[in-house]
Amino acid sequence: MANKKRIATTIGAMALTAVLAVGGTLAYLSSVTETEKNVFTSSKSITTELTEEFDPEVAGSYTPGQVITKAPTMSNTSDSNESIWVAVSLDYTNGADSITYEEFKQYAEVQGLDTTGWEKIGTAADGQELYAFKTVLAPGADTSAIFSSVKVNAGIQKVWKYGTEGEIVYTMDEDGNLIDVKDNTELVDEVTYYNAKGEEINPEEAEAGLPTYTIEVKGYAVQASDVNYDLAKTELTKLANSALGVVFQ
């Protein structure tokens with residue numbers, strides 16, 4: 001009887017060993033390869049130039065109602081054979097702060113805006129505008145001018161001043177016809193200056209005479225290969241947002 005028990009125990013141990021041996025064959029086959037480095041580089045680059053037909057001396061001594069030539073264009077000056085998409089931002093200012101174009105029109109108006117070749121793709125909260133050129137610009141090519149000139153508001157003025165003394169003498173003949181006028185009025189020291197809103201301003205500000213204002217133009221470009229117009233507008237907008245620290249929407 002004892003021998004039978006030992007035989008049964010031995011058979012049970014062999015069976016367990018067989019199960020463990022089968023379990024050991026379930027490990028996954030695996031292997032690790034060497035690293036292959038694939039380096040991608042390019043000598044290609046794009047360069048652009050923003051130019052305009054503009055005479056700063058004329059603009060620096062403008063007169064009300066004057067039309068001043070200002071015609072900004074973008075050029076593809078890339079050495080590589082790379083076409084590009086371009087855009088420009090227009091920043092209207094009162095000489096200090098950005099303002100909307102509607103506010104800018106109290107000073108002047110843009111003339112000859114090319115809405116055929118250019119599309120406005122965004123306006124920032126401070127009034128800056130972003131325009132994209134709708135055609136791919138080949139190497140050596142130029143865009144059309146986004147606008148051609150600026151017309152100064154004919155009624156532009158900055159201050160009114162009050163404070164005179166004296167008298168005006170009218171001389172008439174025996175029939176009552178006016179034959180002479182002598183204006184003896186003079187500005188007194190206590191002159192009060194007012195701006196267009198009727199607010200009193202100091203003499204130093206009044207001495208500036210006609211107002212100063214600007215249109216600041218900045219250009220942007222992205223590659224055209226593998227980039228359609230819709231994608232270009234998105235990328236140009238990102239580029240302008242980053243450059244100016246604003247959000248064009």
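The values are calculated or read from the model by the stated rules, or taken from the named source; none is laboratory data. Quantities reported herein were computed from a predicted structural model and do not represent experimental measurements. For neighbour counting, all protein chains shown are included, and Cβ atoms are generated from backbone atoms with ideal geometry for every residue, glycine included. Keep in mind that these areas ignore ligands, DNA and RNA; they rest on the heavy atoms of the full protein, side chains included. Shrake-Rupley method; radii C 1.70, N 1.55, O 1.52, S 1.80 Å.
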Please state which of the following conditions Tyr213 fails to meet, knowing it meets all the rest: (1) at pLDDT below 65; (2) surrounded by 17 or more Cβ atoms within 10 Å (Cβ to Cβ); (3) not hydrophobic (A, V, I, L, M, F, W, C).
-> (1)
Matching entry among Gly127, Gly176, Gly163 (being modelled with pLDDT under 95 and not in a strand (DSSP E or B)) | Gly176
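A quick yes/no check of all residues on (1) free of Cβ contacts under 8 Å to residues at least 12 places away in the same chain; (2) under 26 Å from Leu130 (Cβ atoms); (3) open to solvent by 60 Å² or more (accessible area, probe 1.4 Å):
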{"position": "Thr51", "(1), (2), (3)": "no, yes, no"}
{"position": "Phe54", "(1), (2), (3)": "no, yes, yes"}
{"position": "Val58", "(1), (2), (3)": "yes, no, no"}
{"position": "Tyr62", "(1), (2), (3)": "no, no, no"}
{"position": "Gln66", "(1), (2), (3)": "no, no, no"}
{"position": "Pro72", "(1), (2), (3)": "no, yes, no"}
{"position": "Ile84", "(1), (2), (3)": "no, yes, no"}
What residue, among those in the range 130-157 that are assigned to a strand (DSSP E or B) and charged (D, E, K, R), is farthest from Ile215 (Cα to Cα)?
-> Asp142
Answer from Val222, Val227, Val247 - the residue that is modelled with pLDDT of 90 or more, open to solvent by 60 Å² or more (accessible area, probe 1.4 Å), under 30 Å from Lys134 (Cβ atoms) and among the β-branched types (Val, Ile, Thr) = Val247
Being farther than 21 Å from Trp118 by Cα and of a type outside the set (D, E, K, R) is the filter here, so list the residues in the range 69-100 that pass it.
-> Ser78, Ser80, Asn81, Thr93, Asn94, Gly95, Ala96, Ser98, Ile99
What pairs can you find where one residue is in the range 114-130 and open to solvent by 40 Å² or more (accessible area, probe 1.4 Å), the other is part of a strand (DSSP E or B) and of a type in the set (Asp, Glu), and their Cβ atoms are less than 9 Å apart, with a gap of 6+ or different chains?
-> Lys120/Glu129; Thr123/Glu129; Asp126/Asp91
